[in-house]
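First up is the structure itself, then whatever we jot down about it.
Since every read-out is calculated from the coordinates, none of them should be taken as a lab result. Predicted model only: the values in this text are computed from it and were never measured. Cβ placement follows ideal geometry from the backbone for every residue including glycine, while neighbour counts extend to all protein chains displayed.
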Amino acid sequence: MTDKTYYKDAPSYCHYYFDLLQTDNVINELEKSRKLTLDTIELITPEKENFSYLPNKWTTLEVLKHIIVCERIYTYRALRFSRFDNTELAGFDENEYTANVKKIKYHLKDLLDEYINVRNASMNLFKNMTEEMLNFKGKANNAYFTPRTIGFMTAGHNIHHCNFIKTYYLNDI
């Protein structure tokens, strides 16, 4: 990253995701992580869709759904904060969210379509924020964030999981 000044506007656990990024432009990073995700999805064979690299770990499709769900939650927070809403927002348990949707039969094509739609909406949201909106600090999950840091976290979180899918789900271990 060339400019890490926004690191101070996010909790330290976000820094790992920020370190996966290459620029200080939220839209560019969202575009690059979208391309990585689409490329990753192309590598998923039918045999790997419901693959889990260890017992009790998420399947490949569940990881993709997790990426989508988190992006929806993150951008909801960014929307609220970008509208100068200082209402504290609750956290969520990613494992409970996944456990509660295990009964749904996902198809890779449907998740691909959903991902594209969610990412396009996210990019449009961030494209239409002013600097003042991007810099407003709000509290979620007992930590402070700005919409800008949420945008970077969204891209980095996405990259993290695509790298994880490639390493643990698409390689024979």
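For this structure, a couple of remarks:
- Working ranking of peptides 124-136, 23-35 by packing, defined as the average number of other Cβ atoms within 10 Å per residue, highest first, is 23-35, 124-136.
- For the chain, the mean residue ellipticity at 222 nm estimated from helices alone is -17500 deg cm²/dmol, where every DSSP H run of n ≥ 4 contributes -39500 (n - 2.57) and the total is divided by all residues, rounded to the nearest 500.
- Nearest-20 debye value, the chain charge dipole, Cβ charges on Lys, Arg, Asp, Glu: 220 debye
- Kirkwood hydrodynamic radius of the stretch 105-173, from inverse mean 1/r over distinct Cα pairs, in Å: 14.3 Å
- Fully extended contour minus Cα-Cα distance, from residue 56 to residue 39, at 0.36 nm per residue: 3.5 nm
- Of the cross-linked pairs 57/127; 48/127; 103/139; 48/102, those separated by over 26 Å at the C-alpha level are 57/127; 48/127; 103/139.
- A crude spin-label estimate for the pair residue 83 and residue 121, with each label 7 Å from Cα along the Cβ direction, gives 1.4 nm.
- Neighbour-count ranking [beta-carbon atoms within 10 angstrom, fewest first] of 6, 53: 53, 6
- Rg to Rh, two decimals, where the stretch 1-88 supplies the alpha carbon set and Rh follows Kirkwood: 1.03
- Computed log₁₀ I(q)/I(0) - Debye formula, equal Cα scatterers, no solvent, the stretch 14-144, q 0.11, 0.12, 0.14, 0.21 Å⁻¹: -0.46, -0.55, -0.74, -1.41
- Compared with the dominant Cα axis of the chain, that is its longest principal axis, helix 60-82 is turned about 10°.
- For residue 144, net neighbour charge (Lys/Arg +1, Asp/Glu -1) across residues whose Cβ lies under 9 Å away: +1
- Burial ranking of peptide ranges 91-99, 154-162 (average Cβ count within 10 Å, highest at the top): 154-162, 91-99
- At full extension, residue 99 and residue 167 could sit 22.2 nm farther apart than now, given 0.36 nm per residue minus the alpha carbon distance.
- Whole-Å semi-axes of the stretch 38-90's equivalent ellipsoid (Cα gyration tensor): 33, 13, 5
- Cα lying deepest toward the dipole's positive end in the stretch 32-141, options 95, 43, 67, charges on Cβ: 67
- Listed peptides 78-87, 11-20 appear in the order 78-87, 11-20 once ranked by packing, highest mean of other Cβ atoms within 10 Å at the front.
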